[in-house]
Amino acid sequence: MTESATLPASLAECEDGACELPSTYDDAEAAHEALADAGWTDGHPVRLPTARAVRRLLDAHGLDPDDGIGGIPPVWGDATYGRIAANAVMAGCPAETFPAVVAALRAMKDDRFNLHGVQCTTHVVAPLLLVNGPARDTMGVNSGHNCLGQGTRANAAIGRAVRLAMVNIGGAAPGTLDKATFGHPGKYAYLFGENEEESPFSPFHTTRGFDPQESAITVFPGEAPHNINNHAADPMELLGAIAHTMASLGNNNMYVSGEVMVVLGVDHAGLVAEAGFKRHTVQEFLFENARLPVGLLRTGGMYGHDVDRNLWPRWVDRRRDDAMVPIVRRPDDIHVVVAGGVGPHSLFIPGWGTRAATEPIALS
């Protein structure tokens, strides 16, 4: 690599979404070093976003590189399909996964999600992506064993492409506009599919107004998953353990409400379903039981003793230390999903304070 081998300071400077790499990049290692030096990567090696590779991805879906979904905060870079495709190429996305990348970015532009805040906060929040419908199989999304772990290309590539676009188009680079105190590993990629085949409940996206045969992606502003290891044979004991895990002093939801996600493992979902619980009754139980008293929240809370700053429901009496505060404002704010493989485990994923958004995945 020679001194003349330089890249633009930002991917947004590439007019058609991709930049022809200088001819002096005669090997993959040198090319990757240049991309990393330009700040275009997530720290891991990437595929080269050549104009040819970007065009191939766009042609697979009949998309014009100059069309797109509008600006992505915080710098409001123009998210053209060409620029989104460049990030998808770098992330290693197979062609069939690209619609999910576009849909996820479009969903995050919903004002209720508050992407600007998610991008810039000191909190650990990262967009969690949940895929429902036939797209799971078409794209090869893992919804079973190790669905939030390594080993599945679609899960890794889609999530990674979304993050790269958030940085390269949205401008939220770590340590500059991304002010996360810690972040968490989900900021590399954070995606799974719902295990609809083994779920006793209707697919999650039907609660968002979609037909079961439609494909959709939900974006949720989430912390890292908190495991709930419970071998109980009593569904009430299991749900009690989940509620206890949810109600803690450290998570944002106890102070700003918002939404949370509970991912039931297939064993736990079967146990509660056999006892007659539906999704809505699980939500109602957790809403009634995942609570903490004002007095405790006063001593260890986000704003300390100034509980008037907390965004609790109006009916919570802030003057009474024994008044119980729910983790969310209403049962529907607890998103109940079924995923994973066999084993006595479920997950609690606290939110940041804003709301999830869902978009259809338009399969070509």
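The values are calculated or read from the model by the stated rules, or taken from the named source; none is laboratory data. Everything numeric here is computed off the predicted structure, so don't read it as measured data. Neighbour counts run over all protein chains shown; Cβ positions are idealised from the backbone, glycine included. For accessibility, only protein heavy atoms count, side chains too; no ligands or nucleic acids. Shrake-Rupley method; radii C 1.70, N 1.55, O 1.52, S 1.80 Å.
Ignoring ligands, DNA and RNA, what accessible area per residue does the chain give at 1.4 Å, in Å²?
Values: 15240 Å² over 364 residues.
Normalised by residue count, the accessible surface of the chain is 42 Å².
Once you put a point 7 Å from the Cα of residue 296 and another 7 Å from the Cα of residue 177, both along the Cβ direction, what distance in nm separates them?
The answer from the label model is 4.0 nm.
If the reach is capped at under 16 angstrom between alpha carbons, list the lysines near residue 187, excluding any in the same chain fewer than eight residues apart.
Hits, sequence-local ones excluded: 179.
Could you report the accessible area of residue 352 in Å², rounded to 10, computed with a 1.4 Å probe on the protein chains as they sit in the structure?
For residue 352, the solvent-accessible surface is approximately 40 Å².
Using only the alpha-carbon atoms, how far is helix 153-168 inclined from the longest principal axis of the chain? Give it as 0 to 90 degrees, nearest 10.
Rounded to the nearest ten degrees, it is 80.
Please give me the summed charge of the neighbours of residue 258: other residues whose Cβ is under 13 Å from its Cβ, Lys and Arg +1, Asp and Glu -1. Walk me through the numbers before you get to the answer.
On the way: positive: 112, 329, 330, 355; negative: 223, 259, 332, 333.
Computed value for this residue: 0.
How many nm is it between the label spots at residue 202 and residue 342, if each spot is 7 Å from the Cα in line with the beta carbon?
Simple spin-label model gives 3.1 nm for this pair.
In whole angstrom, note down how far apart the Cα centers of the stretch 268-325 and the stretch 42-80 are.
Comparing the Cα centres of the stretch 268-325 and the stretch 42-80, I get a distance of 42 Å.
With axes computed from alpha carbons, what is the tilt in degrees of helix 28-37 against the longest principal axis of the chain, rounded to the nearest 10 within 0 to 90?
Value to nearest ten degrees: 60.
For the chain, what relative contact order do you get, as a whole percent, if you take Cα pairs closer than 8 Å and at least 6 residues apart? Let's see the in-between values first.
Working: 770 pairs, mean separation 72.1, N = 364.
That works out to 20 percent.
Roughly speaking, what is the stretch gain from residue 233 to residue 317, that is 0.36 nm per residue apart minus the C-alpha to C-alpha distance, in nm to one decimal? Don't skip to the answer; put the middle values down first.
On the way: separation 84, 0.36 × 84 = 30.24 nm, distance 3.66 nm.
Length difference between fully extended and current span is 26.6 nm.
In terms of modelled amide H atoms, which long-range or inter-chain residues lie less than 5 Å from the amide H of residue 179?
The list, which skips near neighbours in sequence, is 121.
Considering only DSSP beta bridges where both residues belong to the stretch 125-246, give the percentage that are antiparallel (nearest 5). Display every interim value, and only then the final one.
Details: 7 of 11 bridges.
Percent antiparallel among DSSP bridges in the stretch 125-246 is about 65.
Using a 1.4 angstrom probe on heavy atoms only, work out the carbon and sulfur share of the accessible area of the stretch 250-342 in %. Could you put the intermediate results ahead of the total?
Details: 1950 of 4010 Å².
Reported share for carbon and sulfur atoms: 49 percent.
Report the antiparallel proportion of the DSSP beta bridges in the stretch 234-364 as a percent, rounded to a multiple of 5. Kindly include the intermediate steps, with their values, before the conclusion.
Numbers: 6 of 11 bridges.
Around 55 percent antiparallel, to the nearest 5.
With θ set to phi - 60°, apply the Karplus curve 6.51 cos²θ - 1.76 cosθ + 1.60 along the stretch 116-129 and write out the HN-Hα couplings as whole Hz, x wherever there is a Gly or Pro.
4, x, 4, 5, 10, 5, 7, 5, 7, 3, 9, x, 8, 10
Given the rule -39500 (n - 2.57) for each run of at least 4 DSSP H residues, summed and divided by the residues of the chain, what is its mean residue ellipticity at 222 nm, to the nearest 500 deg cm²/dmol?
Per the formula, -8500 deg cm²/dmol.
Please give the net charge around residue 348, taking every other residue with its beta carbon less than 14 angstrom from that of residue 348, where Lys and Arg add +1 and Asp and Glu add -1.
Net charge in that neighbourhood comes out at -3.
Considering only DSSP beta bridges with both partners in the chain, what is the antiparallel share in %, to the nearest 5?
On the way: 25 of 34 bridges.
Beta bridges within the chain, antiparallel portion: roughly 75 percent.
Return the loop-located chymotrypsin sites (Phe, Trp or Tyr not before Pro) in the stretch 40-82 (DSSP other than H, G, I, E, B) with at most 15 other Cβ atoms within 10 Å of their own Cβ; answer none if there are none.
Details: sites: 40, 76, 81; in loops: 40, 76.
Listed in order of number, the matching sites are 76.
Residue separation times 0.36 nm, minus the C-alpha to C-alpha distance between residue 324 and residue 66: what's the value? Working shown, then result.
On the way: separation 258, 0.36 × 258 = 92.88 nm, distance 5.27 nm.
My answer for the length gained is 87.6 nm.
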